[in-house]
1. So what's the net charge close to His197: Lys and Arg +1, Asp and Glu -1, counting the other residues with Cβ under 11 Å from its Cβ?
2. Using each residue's phi in the stretch 199-211, evaluate 6.51 cos²θ - 1.76 cosθ + 1.60 at θ = phi - 60° and report the 3J(HN,Hα) Karplus result to the nearest Hz, with x for Gly and Pro.
3. What FRET efficiency comes out for the pair Val27/Ala186, r = Cβ-Cβ distance, R0 = 30 Å, nearest 0.05?
4. Report relative contact order for the chain in percent, whole number only (criteria: Cα-Cα under 8 Å, sequence separation at least 6).
5. I'd like the FRET efficiency for Leu169 and Phe133, computed as 1/(1 + (r/R0)^6) with the beta carbon distance as r and R0 of 25 Å, rounded to 0.05.
6. Tilt of helix 140-160 relative to the longest C-alpha principal axis of the chain, in degrees (0 to 90, nearest 10)?
7. Helix-only estimate, please: 222 nm mean residue ellipticity of the chain, summing -39500 (n - 2.57) across DSSP H runs of length 4 or more and dividing by its residues, to the nearest 500.
8. Compute a Gaussian network model of the chain, connecting alpha carbons closer than 10 Å, and tell me which residue from Ala232, Ala35, Ala176 fluctuates the most.
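Every number in this text was worked out from the coordinates using simple rules, so none of it is lab data. All of these numbers come straight from a predicted model, not from anything done at the bench. Because the Cβ atoms are built from the backbone with ideal geometry, glycine has one as well, and the counts that use them run over all protein chains shown.
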Amino acid sequence: MVFPKLIDELISLYGWRGAYLALAGLVALTILPVAALLFRDRPEKFGLSTDAGLLLATADPPEEPSFTREQALRTGVFWLLCAAGFLTNAIGTALLLNHFSIMQTAGIAHRDALLLLSLVAGVQAVATLGTGFLVDRHEPRHLVPLAMLMLAVASALPAFGSGIAISVLYALSLGAAYGSQQAVNAAGFAQYFGRDHLGAIRGASFVFGVAGAAFGPLPFAASIDWTGSYAAALIGCLVLCLACAAGALAVKRPTSPPMSPCR
């Protein structure tokens with residue numbers, strides 16, 4: 001919520017290169033020391049229980065699954081989570097990179113566009129906490145449509161509307177999409193595939209997330225260059241989000257690691 005205004009001020013004072021260097025220094029002085037000094041792996045290694053020592057909901061908890069990366073790749077839920085992550089990164093990156101241009105088209109001034117970015121971040125935080133509460137009570141695959149519908153709304157609003165009211169709804173929807181997808185993505189892979197091979201599985205899934213961030217802005221650039229509007233790209237994003245939400249309804253929970261194919 002703070003950084004949009006901070007970065008805007010840094011760019012005004014030092015240019016975009018100076019702003020990048022300032023942000024790099026901030027990361028080096030904060031995130032890196034925290035990660036080096038405070039990061040811990042499995043709580044069991046330190047004599048602690050999972051979930052901060054909270055009592056289990058049942059006396060006989062279900063056995064934690066243990067999928068290898070190859071086994072996870074043969075499940076529908078892996079590809080569902082990857083598809084949702086790809087779309088969120090692709091559309092979210094494109095919307096943020098083109099935020100000021102989209103807001104200008106909607107008649108929003110630069111200063112108000114900055115405030116809307118802060119609103120996105122605030123809603124994202126609330127949505128992450130709220131969806132985390134839901135993930136404890138519902139399967140992650142059942143919450144994917146929630147994130148995708150919010151992202152679909154965020155894509156539709158700038159395509160079909162303008163003005164401050166539409167732009168506020170857009171910021172609310174985008175923040176909700178980001179936050180809900182973050183919680184689903186963080187919990188989903190561990191819940192379905194266990195922790196034994198989680199690093200390898202998450203490594204494979206990150207390929208799709210990074211690919212989405214790299215690919216996402218390209219259709220937006222083509223749309224504005226060829227048609228003079230972002231509407232074509234936004235409508236395409238809307239359709240893809242609805243398709244992913246519908247696909248989530250057909251994906252089943254993997255009950256056990258699938259057997260390796262015979263050679």
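1. Details: positive: Arg69, Arg195, Arg202; negative: Glu70, Asp196.
Here the count lands on +1.
2. Rounded to whole hertz, the list is x, 5, 5, 5, x, 5, 5, 5, 4, 6, x, 5, 4.
3. Values: r = 21 Å, r/R0 = 0.70.
Here the calculated transfer efficiency is 0.90.
4. Details: 324 pairs, mean separation 80.8, N = 263.
Relative contact order of the chain: 31 percent.
5. Values: r = 23 Å, r/R0 = 0.94.
The pair Leu169/Phe133 has a calculated efficiency of 0.60.
6. 10 degrees
7. On the way: 11 runs with 192 residues, N = 263.
Computed ellipticity for the chain at 222 nm equals -24500 deg cm²/dmol.
8. Ala35
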